[in-house]
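The values are calculated or read from the model by the stated rules, or taken from the named source; none is laboratory data. On a predicted model such as this, the values are computed, not experimentally measured, just so you know. Don't worry about glycine lacking a Cβ; one is built from the backbone with ideal geometry, like all the others, and counts go over all protein chains shown. What goes into the accessible areas is simple: the full protein's heavy atoms, side chains included, and nothing from ligands, DNA or RNA. Shrake-Rupley method; radii C 1.70, N 1.55, O 1.52, S 1.80 Å.
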Amino acid sequence: MKLLHVDASPKSERSISRSLARHFVSCLRKQNVELDIDYLDLTKNPPSYIDELFTIAAYTPAVQRTAAMEQALARSTELCQRVLDADALLFAMPMHNFSYPSVFKAFIDNIIRAELTYVVSSSGQYIGQLTRQKALFITTRGTDMRAGMPLSHMDALTPSLKAAFGFIGVQNPSFVNAQPTQFAAAEEREKALERARNQLSDVARKWAKEQNFQ
Ligand SMILES: Cc1cc2nc3c(=O)[nH]c(=O)nc-3n(C[C@H](O)[C@H](O)[C@H](O)COP(=O)(O)O)c2cc1C
(Lines give C-alpha, C1' and ligand atoms only; values in the text may rest on other atoms or scores of the structure.)
Protein backbone atom coordinates (compact mmCIF):
# COMPACT_ATOMS: atom_id res chain seq x y z
CA MET A 1 0.00 0.00 0.00
CA LYS A 2 1.41 3.37 -0.97
CA LEU A 3 0.70 5.61 2.02
CA LEU A 4 1.05 9.38 1.92
CA HIS A 5 1.70 10.35 5.55
CA VAL A 6 1.37 14.07 6.26
CA ASP A 7 2.18 15.67 9.63
CA ALA A 8 1.15 19.24 10.36
CA SER A 9 1.97 19.94 14.01
CA PRO A 10 4.48 22.72 14.66
CA LYS A 11 5.76 20.55 17.52
CA SER A 12 8.27 17.83 16.79
CA GLU A 13 9.09 15.09 19.34
CA ARG A 14 6.49 16.24 21.88
CA SER A 15 3.66 16.39 19.34
CA ILE A 16 0.71 14.17 20.23
CA SER A 17 -0.73 14.02 16.69
CA ARG A 18 2.65 12.94 15.29
CA SER A 19 2.98 10.21 17.88
CA LEU A 20 -0.55 8.93 17.16
CA ALA A 21 0.24 8.87 13.44
CA ARG A 22 3.38 6.81 14.15
CA HIS A 23 1.24 4.50 16.28
CA PHE A 24 -1.17 4.02 13.37
CA VAL A 25 1.67 3.14 11.00
CA SER A 26 2.93 0.54 13.48
CA CYS A 27 -0.64 -0.86 13.79
CA LEU A 28 -0.77 -1.26 10.00
CA ARG A 29 2.57 -3.07 10.06
CA LYS A 30 1.32 -5.38 12.82
CA GLN A 31 -1.55 -6.24 10.48
CA ASN A 32 1.08 -7.23 7.88
CA VAL A 33 0.19 -4.39 5.56
CA GLU A 34 3.19 -3.78 3.34
CA LEU A 35 3.82 -0.07 3.28
CA ASP A 36 5.57 2.18 0.82
CA ILE A 37 5.50 5.48 2.74
CA ASP A 38 5.71 8.89 1.12
CA TYR A 39 6.31 11.17 4.11
CA LEU A 40 5.60 14.90 4.13
CA ASP A 41 6.30 17.14 7.12
CA LEU A 42 4.38 20.33 6.39
CA THR A 43 6.13 22.23 9.17
CA LYS A 44 9.58 21.56 7.74
CA ASN A 45 8.49 21.83 4.12
CA PRO A 46 5.48 24.15 4.00
CA PRO A 47 3.62 24.83 0.76
CA SER A 48 3.33 28.48 -0.22
CA TYR A 49 0.27 30.57 0.44
CA ILE A 50 -1.69 31.27 -2.70
CA ASP A 51 -0.55 34.45 -4.48
CA GLU A 52 -1.96 36.40 -7.45
CA LEU A 53 -0.05 34.55 -10.17
CA PHE A 54 -1.14 31.22 -8.69
CA THR A 55 -4.82 32.22 -8.77
CA ILE A 56 -4.58 33.25 -12.42
CA ALA A 57 -2.48 30.23 -13.45
CA ALA A 58 -4.69 27.72 -11.65
CA TYR A 59 -7.74 28.73 -13.72
CA THR A 60 -5.88 29.04 -17.03
CA PRO A 61 -6.13 25.85 -19.10
CA ALA A 62 -2.81 23.94 -19.00
CA VAL A 63 -2.16 24.39 -22.75
CA GLN A 64 -2.43 28.19 -22.45
CA ARG A 65 -0.14 28.66 -19.43
CA THR A 66 3.09 30.63 -19.65
CA ALA A 67 6.34 29.29 -18.20
CA ALA A 68 5.94 31.71 -15.27
CA MET A 69 2.47 30.33 -14.59
CA GLU A 70 3.75 26.74 -14.65
CA GLN A 71 6.48 27.79 -12.26
CA ALA A 72 3.94 29.36 -9.89
CA LEU A 73 1.99 26.08 -9.89
CA ALA A 74 4.98 23.72 -9.74
CA ARG A 75 4.85 22.81 -6.02
CA SER A 76 1.08 22.49 -6.11
CA THR A 77 1.30 20.19 -9.14
CA GLU A 78 3.86 18.06 -7.33
CA LEU A 79 1.64 17.84 -4.22
CA CYS A 80 -1.40 16.91 -6.33
CA GLN A 81 0.63 14.14 -7.94
CA ARG A 82 1.61 12.82 -4.52
CA VAL A 83 -2.00 12.59 -3.30
CA LEU A 84 -3.12 11.06 -6.60
CA ASP A 85 -0.31 8.47 -6.56
CA ALA A 86 -1.15 7.30 -3.03
CA ASP A 87 -3.44 4.37 -2.26
CA ALA A 88 -4.09 5.74 1.21
CA LEU A 89 -3.81 9.10 2.93
CA LEU A 90 -2.87 9.69 6.57
CA PHE A 91 -3.18 13.26 7.84
CA ALA A 92 -2.23 14.13 11.41
CA MET A 93 -2.77 17.58 12.86
CA PRO A 94 -3.64 19.49 16.02
CA MET A 95 -6.72 21.70 16.19
CA HIS A 96 -5.61 25.33 16.11
CA ASN A 97 -8.27 27.88 16.94
CA PHE A 98 -11.18 25.60 16.06
CA SER A 99 -9.78 24.44 12.72
CA TYR A 100 -6.57 23.14 11.11
CA PRO A 101 -3.13 24.76 11.53
CA SER A 102 -2.67 27.39 8.80
CA VAL A 103 0.00 25.28 7.10
CA PHE A 104 -2.59 22.57 6.52
CA LYS A 105 -4.92 25.16 4.97
CA ALA A 106 -2.08 26.10 2.61
CA PHE A 107 -1.71 22.40 1.78
CA ILE A 108 -5.44 22.14 0.99
CA ASP A 109 -5.24 25.25 -1.20
CA ASN A 110 -2.40 23.58 -3.11
CA ILE A 111 -4.08 20.21 -3.66
CA ILE A 112 -7.53 21.35 -4.77
CA ARG A 113 -6.68 21.88 -8.44
CA ALA A 114 -8.91 21.87 -11.52
CA GLU A 115 -7.83 19.32 -14.13
CA LEU A 116 -5.80 17.45 -11.50
CA THR A 117 -7.65 16.54 -8.31
CA TYR A 118 -11.07 17.49 -9.67
CA VAL A 119 -12.52 17.98 -13.12
CA VAL A 120 -15.61 19.81 -14.30
CA SER A 121 -17.85 17.80 -16.61
CA SER A 122 -19.48 19.29 -19.73
CA SER A 123 -22.70 19.64 -17.72
CA GLY A 124 -20.89 21.64 -15.03
CA GLN A 125 -20.60 18.87 -12.44
CA TYR A 126 -17.54 18.76 -10.16
CA ILE A 127 -15.95 15.32 -10.19
CA GLY A 128 -13.36 14.59 -7.51
CA GLN A 129 -10.49 12.39 -8.63
CA LEU A 130 -9.50 10.83 -5.29
CA THR A 131 -12.21 8.18 -5.21
CA ARG A 132 -9.64 5.34 -5.01
CA GLN A 133 -7.86 6.58 -1.87
CA LYS A 134 -8.70 5.60 1.69
CA ALA A 135 -8.16 8.43 4.13
CA LEU A 136 -7.61 8.81 7.85
CA PHE A 137 -7.55 12.12 9.70
CA ILE A 138 -5.97 12.10 13.14
CA THR A 139 -6.72 15.30 15.00
CA THR A 140 -5.75 16.33 18.52
CA ARG A 141 -7.67 18.86 20.55
CA GLY A 142 -6.79 20.42 23.88
CA THR A 143 -10.43 20.44 24.94
CA ASP A 144 -13.14 17.83 24.64
CA MET A 145 -15.40 18.62 21.69
CA ARG A 146 -17.08 15.25 21.41
CA ALA A 147 -20.82 15.26 20.68
CA GLY A 148 -22.79 16.28 23.74
CA MET A 149 -19.92 18.22 25.33
CA PRO A 150 -20.38 21.98 25.99
CA LEU A 151 -17.77 22.95 23.34
CA SER A 152 -18.81 20.47 20.65
CA HIS A 153 -20.39 23.19 18.49
CA MET A 154 -16.96 24.85 18.15
CA ASP A 155 -15.47 22.01 16.11
CA ALA A 156 -15.03 23.68 12.72
CA LEU A 157 -12.20 21.26 11.89
CA THR A 158 -14.15 18.09 11.11
CA PRO A 159 -16.73 19.68 8.76
CA SER A 160 -14.03 21.63 6.97
CA LEU A 161 -11.89 18.52 6.35
CA LYS A 162 -14.97 16.62 5.15
CA ALA A 163 -15.89 19.42 2.72
CA ALA A 164 -12.41 19.94 1.28
CA PHE A 165 -11.52 16.29 0.79
CA GLY A 166 -15.06 15.30 -0.21
CA PHE A 167 -14.82 17.87 -3.01
CA ILE A 168 -11.77 16.13 -4.46
CA GLY A 169 -13.45 12.75 -4.22
CA VAL A 170 -12.42 11.23 -0.87
CA GLN A 171 -15.28 9.02 0.26
CA ASN A 172 -16.01 7.88 3.81
CA PRO A 173 -12.79 9.07 5.44
CA SER A 174 -12.03 7.87 8.98
CA PHE A 175 -11.58 10.36 11.81
CA VAL A 176 -9.77 9.68 15.05
CA ASN A 177 -9.98 12.74 17.26
CA ALA A 178 -7.94 12.61 20.46
CA GLN A 179 -9.57 14.91 23.00
CA PRO A 180 -9.04 16.38 25.58
CA THR A 181 -5.25 16.33 25.24
CA GLN A 182 -4.35 19.51 27.12
CA PHE A 183 -6.97 21.38 29.11
CA ALA A 184 -8.03 18.55 31.43
CA ALA A 185 -6.76 16.46 34.34
CA ALA A 186 -3.97 13.96 33.61
CA GLU A 187 -6.33 11.01 33.98
CA GLU A 188 -8.76 12.44 31.38
CA ARG A 189 -5.90 13.12 28.97
CA GLU A 190 -4.56 9.58 29.36
CA LYS A 191 -8.04 8.16 28.72
CA ALA A 192 -8.33 10.30 25.59
CA LEU A 193 -5.05 8.93 24.23
CA GLU A 194 -6.07 5.37 25.06
CA ARG A 195 -9.40 5.87 23.22
CA ALA A 196 -7.56 7.27 20.21
CA ARG A 197 -5.01 4.44 20.15
CA ASN A 198 -7.82 1.84 20.30
CA GLN A 199 -9.66 3.57 17.44
CA LEU A 200 -6.45 3.66 15.41
CA SER A 201 -6.00 -0.10 15.88
CA ASP A 202 -9.57 -0.58 14.64
CA VAL A 203 -8.93 1.54 11.52
CA ALA A 204 -5.70 -0.37 10.82
CA ARG A 205 -7.55 -3.69 11.07
CA LYS A 206 -10.25 -2.38 8.72
CA TRP A 207 -7.69 -1.18 6.15
CA ALA A 208 -5.82 -4.49 6.32
CA LYS A 209 -9.05 -6.43 5.81
CA GLU A 210 -10.13 -4.27 2.87
CA GLN A 211 -6.73 -4.68 1.26
CA ASN A 212 -6.95 -8.47 1.55
CA PHE A 213 -10.25 -8.41 -0.33
CA GLN A 214 -8.92 -6.35 -3.24
C1 LIG B 1 -2.10 28.05 18.49
C2 LIG B 1 -2.91 26.98 19.17
C3 LIG B 1 -4.29 26.98 19.06
C4 LIG B 1 -5.04 25.97 19.66
N5 LIG B 1 -6.39 26.00 19.51
C6 LIG B 1 -7.14 25.03 20.09
C7 LIG B 1 -8.55 25.01 19.91
O8 LIG B 1 -9.15 25.81 19.20
N9 LIG B 1 -9.25 24.04 20.53
C10 LIG B 1 -8.65 23.09 21.30
O11 LIG B 1 -9.35 22.23 21.85
N12 LIG B 1 -7.31 23.06 21.47
C13 LIG B 1 -6.54 24.00 20.86
N14 LIG B 1 -5.17 23.98 21.01
C15 LIG B 1 -4.54 22.86 21.75
C16 LIG B 1 -4.01 21.77 20.80
O17 LIG B 1 -4.98 21.39 19.85
C18 LIG B 1 -3.59 20.53 21.60
O19 LIG B 1 -2.60 20.87 22.54
C20 LIG B 1 -3.11 19.40 20.72
O21 LIG B 1 -2.99 18.22 21.49
C22 LIG B 1 -1.74 19.70 20.10
O23 LIG B 1 -1.37 18.61 19.24
P24 LIG B 1 0.16 18.42 18.83
O25 LIG B 1 0.89 18.01 20.10
O26 LIG B 1 0.20 17.34 17.82
O27 LIG B 1 0.65 19.73 18.30
C28 LIG B 1 -4.40 24.96 20.41
C29 LIG B 1 -3.00 24.97 20.53
C30 LIG B 1 -2.26 25.95 19.90
C31 LIG B 1 -0.76 25.92 20.02
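Listed values, structure above:
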item	result
Members of the range 12-33 found to be open to solvent by 80 Å² or more (accessible area, probe 1.4 Å) and in contact (Cβ under 8 Å) with a residue 60 or more places away in the chain, listed by number	K30, N32
Odd one out for L116 among (1) part of a helix (DSSP H, G or I); (2) of a type in the set (A, V, I, L, M); (3) surrounded by fewer than 21 Cβ atoms within 10 Å (Cβ to Cβ)	(1)
Test result for T139, part of a strand (DSSP E or B) and within 9 Å of the ligand (Cβ to nearest atom)	yes
Cβ-Cβ under 9 Å pairs, at least 6 apart or on other chains, the range 158-171 side on the phi > 0 side of the Ramachandran plot, far side modelled with pLDDT of 95 or more and surrounded by 14 or more Cβ atoms within 10 Å (Cβ to Cβ)	G169/T117; G169/Y118; G169/G128; G169/Q129; G169/L130; G169/Q133
Residues within the range 156-214 that are under 20 Å from L28 (Cα atoms), charged (D, E, K, R), open to solvent by less than 80 Å² (accessible area, probe 1.4 Å) and modelled with pLDDT of 95 or more, tallied	2
In the range 142-190, the residues that are among the hydrophobic types (A, V, I, L, M, F, W, C), in a loop (DSSP other than H, G, I, E, B), closer than 29 Å to L79 by Cβ and away from the ligand (no atom under 13 Å from the Cβ)	I168, V170
For V63: the one exception among (1) in a helix (DSSP H, G or I); (2) within 16 Å of the ligand (Cβ to nearest atom); (3) open to solvent by 10 Å² or more (accessible area, probe 1.4 Å); (4) farther than 29 Å from D202 by Cβ	(2)
